[in-house]
Amino acid sequence: MAMTMTQKILADHASLDHVEAGQLIEAKLDLVMANDITGPMALPIIKQMGGNVFDKDKVVFVPDHFTPNKDIKSAENSRAILKYSLEQGLTNVMIQGKCGVEHAILPERGLVYSGMCVIGADSHTCTYGALGAFSTGVGTTDIAAGMVSGQAWFKVPEAIKVNLTGTLPKYVSGKDVIIHLIGMIGVDGALYKSLEFTGEGVKALSMDDRFTICNMAIEAGAKNGIFPVDDLSREYMKNAGVKEWKEYSADEDAHYIQTVDINLSEVRPTVAFPHLPGNAKTIDEVEAMDKIYIDQVVIGSCTNGRLSDLEKAAAILKGHKVAPNVRVMVVPATQKIFLQAVHEGLVDIFVEAGCAFNTPSCGPCMGGHMGVLAKGEKCVSTTNRNFVGRMGDTEALIYLASPETAAASAIAGYIANPEKVGGNN
């Protein structure tokens, strides 16, 4: 019987010729990841199961959420995962200053690639589907079991086909596409389903666009998001040092429970209003409202902290100043991206505009540190969630947007159209 791309990867890793939606399987894992929040919680369970990882090459702990360590507890957590990584002799030992945010550093280092089956103790592990991998977030107990056994059980997901056509207009990027999609189908529109992106429009998306789109697949409830492998993703993997990988493609007659058509040429700059990523409004709808004045802008995270994201924001900010009453945090996703931003002069642009340029961290995104919101404050953020209390006080308001829209809003002091504000206009 015909299978989707995701189903083929799962079948292969379960040593089965065929799987069907709804089937329970046990699959072999190619990589298991945890961070400085979930990793320490997994360690006691790992010790109960024998204490040793199944493969030193295939387990990794990334300190990124509360790093740089914001308090004594976060310091203890970072030390715990580092100590265990060294004790186990893990091949990839991550230390602050030498890595970055998990969902950016793993692709950058060539640790995730096409055809892999990956689990992470973080919901945005679905990011790696941009490279043609099956990757998904799981709970702490499942991570512990995966690190010890090298296996995990899954219910094979049904699939939704997202058929992309056209090309993105100027000032529109992958962030606008995924917010647009979630707005179309809802935050539970793909619940425990695979979002499989296909169509001629795929080739018009950069790798960073694809990472952003897959990163937020979970915000539609999806088990995973995945793109077909093409020359662009092959070149990315080669540049990351990957020597070999396996490519899968969906059968032409594979079953999808739904097909969603998106003409990229028609996508507008789009903002997700509080308090759900699916509360999508085009910039045209926003401009028809009273101005939404803001207090803070965050540019960065595992969603939009890659070099092209910083370049887009800097192009808007160049020659401008951040509005007097607005503070801006720029957070590159990895140390490599930080250094590239320095070499390209992007840091100069951000600092001269009045932005704080920070070390790689998840801090502002999850309200940990480096940008916590006060009661009643409004923030435009390139991060992935705008739930109540996500970035600070429960009465703060978070508006999710692209780097272009975030930068334009920083200059204007309110949510603004990047087509009308910025250095390129």
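The values are calculated or read from the model by the stated rules, or taken from the named source; none is laboratory data. The model shown is predicted, which means the values in this text are computed figures rather than measured ones. Glycine gets a Cβ as well: all are built from the backbone with ideal geometry, and neighbour counts include every protein chain shown. All accessible areas refer to the heavy atoms of the entire protein, side chains included, with ligands and DNA or RNA removed. Shrake-Rupley method; radii C 1.70, N 1.55, O 1.52, S 1.80 Å.
Out of 175, 203, report the one residue that is free of Cβ contacts under 8 Å to residues at least 40 places away in the same chain, in a helix (DSSP H, G or I) and among the basic types (Lys, Arg).
203
How many residues does the range 82-118 hold that are more than 15 Å from residue 217 (Cβ to Cβ) and part of a strand (DSSP E or B)?
2
Find the residue count for the range 23-52, including only residues that are surrounded by fewer than 20 Cβ atoms within 10 Å (Cβ to Cβ), among the aliphatic types (A, V, I, L, M) and within 19 Å of residue 116 (Cβ to Cβ).
Number satisfying all stated conditions: 1.
Can you tell me which residue in the range 53-76 is farthest from residue 37 (Cα to Cα), limited to those that are modelled with pLDDT of 95 or more and either buried (at least 24 other Cβ atoms within 10 Å of the Cβ) or of a type in the set (S, T, N, Q) (or both)?
59
Within the range 261-284, is even one residue open to solvent by less than 50 Å² (accessible area, probe 1.4 Å), in a loop (DSSP other than H, G, I, E, B) and either without any contact (Cβ under 8 Å) to a residue 40 or more places away in the chain or among the hydroxyl-bearing types (Ser, Thr, Tyr) (or both)?
No.
Quick check on this structure: which one of 314, 250, 254 is out of contact with any Cys (no Cβ under 6 Å at 6 or more places or on another chain), open to solvent by less than 60 Å² (accessible area, probe 1.4 Å) and more than 26 Å from residue 187 (Cα to Cα)?
314
Show me the strands (runs of 3 or more DSSP E) found entirely inside the range 322-402 where at least 1 residues are among the basic types (Lys, Arg) and farther than 15 Å from residue 101 by Cβ.
327-331, 378-381
For residue 20, only one of the following conditions fails: (1) open to solvent by 60 Å² or more (accessible area, probe 1.4 Å); (2) without any contact (Cβ under 8 Å) to a residue 60 or more places away in the chain; (3) not in a helix (DSSP H, G or I). What is its number?
So the condition that residue 20 fails would be (2).
Go through the range 356-392 and give me each residue that's of a type in the set (A, V, I, L, M, F, W, C) and open to solvent by 20 Å² or more (accessible area, probe 1.4 Å).
If the condition is that a residue be of a type in the set (A, V, I, L, M, F, W, C) and open to solvent by 20 Å² or more (accessible area, probe 1.4 Å), then 356, 357, 366, 370, 372, 374, 387, 388 are the ones that fit.
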